[in-house]
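Asker: The structure is given below, and queries will be raised subsequently.
The values are calculated or read from the model by the stated rules, or taken from the named source; none is laboratory data. Note that the structure is predicted; figures quoted are calculated from it, not measured. Here the Cβ positions follow ideal geometry from the backbone for every residue, glycine too, while neighbour counts run over all protein chains shown. Accessible surface areas use protein heavy atoms only, side chains included; no ligands, DNA or RNA. Shrake-Rupley method; radii C 1.70, N 1.55, O 1.52, S 1.80 Å.
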Amino acid sequence: MHDNSLIEINREAFESNWQFLKQHFGKKVLISSVVKGNAYGHGIKPFVTMALESGVTHFSVFDCNEARQVNEVVKDRAEIMIMGWIENTSIPWAIENNVSIYVFEKKRLEAAIKSAKKLGKKVKLHIEIETGMNRTGFQPKEISSLIKYLKKEQDHFIFQGLCTHYAGAESIANYYRVKNQMDQYPKLYTRFCAEGLTPIHRHTACSAAAMMYPETCMDMVRIGIMQYGLWPSPEAFVNYLNVSKKHIDPLRRVISWKSKVMSIRKVTQGQFIGYGNSYMASENMKIAVVPIGYAHGYSRTLSNQGRVLISGYRCQVIGTINMNMMLVDVSEILNIHIGDEVVLIGRQDNLDLSVASFSDFSNLLNYELLTRLSQEIPRIII
Ligand SMILES: *Cc1c(COP(=O)(O)O)cnc(C)c1O
């Protein structure tokens, strides 16, 4: 059991974010809580446990392994949707557990229908259509034969959703591409409906699309990053401030990451610190060793760049991030002891280290930084 550090999940912050999202999207829009990537590093089990208690009724994951983890927590108390990968051999498990799955290829669709027939139970399907991202989704030229097939097999599936995904709604640079996708979707939706195939849900929006292009919300949205209290991009945040005429961030960060000072030493001017020669002490310095490194998800690109909070001071990471340790400059802290709290993400006294400040330094997306946090780190709900 890793005890070098601890991740805290703040229930109040989550509930406040969820409340904001519900209010913003309105009663008619179902919000699915996206918990892929180990709930964006928050930990699937603790996060889903908390979200369920706070009234979340729908979870989305990428693959079957994640779906199983969510299912262990929720049992029959919420819907689970797999948006990506599932082995054909796992489809029966999905059907038996009422887990809905994306289909975007004829082969998987046929496998799903076959399993449904064998089990004598309908499979819950989300038909994903290609609108311009060119990743997954049935191609325009496949739609006719797809519709024909679905009509023939109508007794063996529940048409849970008709869905697509936008190719970068968080950036204005992709405006025309996303707008074009938004034009494609309703045409395809109408085509399905005209053939008597009406999905229960129309869902296309992730956080960025839902905030930047409200018409993409339809009757269901798939929200990941914002429920964790982070914006999909600075543009999305600025856009919200402009449109809402508000001046404050309605979101609160849910995650904090804390470790401890492991050792302290003095280094004299002119000596190199840590591996190699990436950092030379320009004066006499005091250094603290923190037992966290890239093996735990603290990016190596934060070498000589990252900041941590100790004793209410913002301290700089010096030298390269090691596999299991980092060194920080604590010269200005007179009273520092082994065992003192080190905040890697979160608040200490009046200072705050955001996930974004992290990613600004390292050019990593919020998303990537969070999902890299090791599964070994214990997570607790506070
Ligand atoms: C990850 C994902 C989302 C959620 O994206 P956020 O930007 O975190 O809101 C929505 N839809 C699909 C298909 C996804 O893969």
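Asker: Mind checking which strands (runs of 3 or more DSSP E) fall wholly inside the stretch 1-118 and carry at least 2 residues that are among the hydrophobic types (A, V, I, L, M, F, W, C) and more than 16 Å from the ligand (Cβ to nearest atom)?
Answerer: Details: elements: 5-9, 30-34, 58-63, 79-85, 100-103.
Hits in the stretch 1-118: 5-9.
Asker: Please enumerate the residues belonging to the stretch 101-129 that are open to solvent by less than 20 Å² (accessible area, probe 1.4 Å) and within 21 Å of TYR166 (Cα to Cα).
Answerer: ILE101, TYR102, VAL103, LEU125, HIS126, ILE127, GLU128, ILE129
Asker: Of the residues ASN304, ASN335, only one is of a type in the set (S, T, N, Q) and on the phi > 0 side of the Ramachandran plot; which? Full working, then the answer.
Answerer: Numbers: ASN335 fails: on the phi > 0 side of the Ramachandran plot.
Criteria check complete, one pass: ASN304.
Asker: With TYR189, TYR149, TYR175 as the choices, which residue is surrounded by fewer than 17 Cβ atoms within 10 Å (Cβ to Cβ), under 30 Å from GLU96 (Cα atoms) and more than 16 Å from the ligand (Cβ to nearest atom)?
Answerer: Numbers: TYR189 fails: surrounded by fewer than 17 Cβ atoms within 10 Å (Cβ to Cβ); TYR175 fails: under 30 Å from GLU96 (Cα atoms).
Testing whether each residue is surrounded by fewer than 17 Cβ atoms within 10 Å (Cβ to Cβ), under 30 Å from GLU96 (Cα atoms) and more than 16 Å from the ligand (Cβ to nearest atom) leaves just TYR149.
Asker: Let me ask another. Mind listing whichever residues of the stretch 210-237 are in contact with a Phe, Trp or Tyr (Cβ under 9 Å, 6 or more places away or on another chain) and part of a helix (DSSP H, G or I)? Step through it out loud before you land on a result.
Answerer: Of all residues in the stretch 210-237, those in contact with a Phe, Trp or Tyr (Cβ under 9 Å, 6 or more places away or on another chain) come to 210-214, 216-218, 221, 223-232, 237.
ALA210, MET211, MET212, PRO214, THR216, ILE225, MET226, GLN227, TYR228, PHE237, listed by residue number.
Asker: Just checking, does the stretch 264-285 include any residue being basic (Lys, Arg) and touching a residue at least 40 places away in the same chain (Cβ under 8 Å)? Talk me through it step by step, then tell me what you get.
Answerer: Narrowing the stretch 264-285 to residues basic (Lys, Arg): 265-266.
In the following step, the residues that additionally are touching a residue at least 40 places away in the same chain (Cβ under 8 Å) were identified as none.
No, the stretch 264-285 has no match at all.
Asker: Residues that are closer than 30 Å to LYS266 by Cβ: find the strands (runs of 3 or more DSSP E) completely inside the stretch 303-382 holding 2 or more of those. Please lay out each step first, then the result.
Answerer: On the way: elements: 307-310, 313-318, 326-329, 341-348, 351-353, 379-381.
Where strands (runs of 3 or more DSSP E) fall fully within the stretch 303-382 and carry at least 2 residues being closer than 30 Å to LYS266 by Cβ, they are 307-310, 313-318, 326-329, 341-348, 351-353.
Asker: If HIS165 satisfies every condition in (1) assigned to a loop (DSSP other than H, G, I, E, B); (2) at pLDDT 95 or above; (3) touching a helix residue (DSSP H, G or I) at 6+ places or on another chain (Cβ under 7 Å) but one, which is the exception?
Answerer: The number of the failed condition is (3).
Quick grid of which residues meet (1) outside the structural domain of SER233 (by TED's automatic domain parsing); (2) open to solvent by 20 Å² or more (accessible area, probe 1.4 Å); (3) more than 23 Å from MET50 (Cβ to Cβ):
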| position | (1), (2), (3) |
| --- | --- |
| SER299 | yes, no, yes |
| GLU332 | yes, yes, yes |
| ASP340 | yes, yes, yes |
| LEU344 | yes, no, no |
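Asker: Just give me the residues in the stretch 210-233 being surrounded by fewer than 18 Cβ atoms within 10 Å (Cβ to Cβ) and under 25 Å from GLY43 (Cα atoms), in sequence order.
Answerer: none
Asker: Is there a residue in the stretch 358-374 that is surrounded by 14 or more Cβ atoms within 10 Å (Cβ to Cβ), among the charged types (D, E, K, R), more than 16 Å from the ligand (Cβ to nearest atom) and in contact (Cβ under 8 Å) with a residue 40 or more places away in the chain?
Answerer: Taking every residue of the stretch 358-374 in turn, none turns out to be surrounded by 14 or more Cβ atoms within 10 Å (Cβ to Cβ), among the charged types (D, E, K, R), more than 16 Å from the ligand (Cβ to nearest atom) and in contact (Cβ under 8 Å) with a residue 40 or more places away in the chain.
Asker: A further question follows. For the stretch 362-373, check the following and say yes or no: at least one residue is at pLDDT below 90 and in contact with a Leu (Cβ under 7 Å, 6 or more places away or on another chain).
Answerer: Yes, there is a match, as at least one residue in the stretch 362-373 is at pLDDT below 90 and in contact with a Leu (Cβ under 7 Å, 6 or more places away or on another chain).
Asker: Is it the case that THR204 is within 24 Å of the chain's Cα centre (by Cα), open to solvent by less than 10 Å² (accessible area, probe 1.4 Å), within 16 Å of MET83 (Cβ to Cβ) and at pLDDT 95 or above?
Answerer: Considered against the rule, which asks whether it is within 24 Å of the chain's Cα centre (by Cα), open to solvent by less than 10 Å² (accessible area, probe 1.4 Å), within 16 Å of MET83 (Cβ to Cβ) and at pLDDT 95 or above, THR204 comes out as yes.
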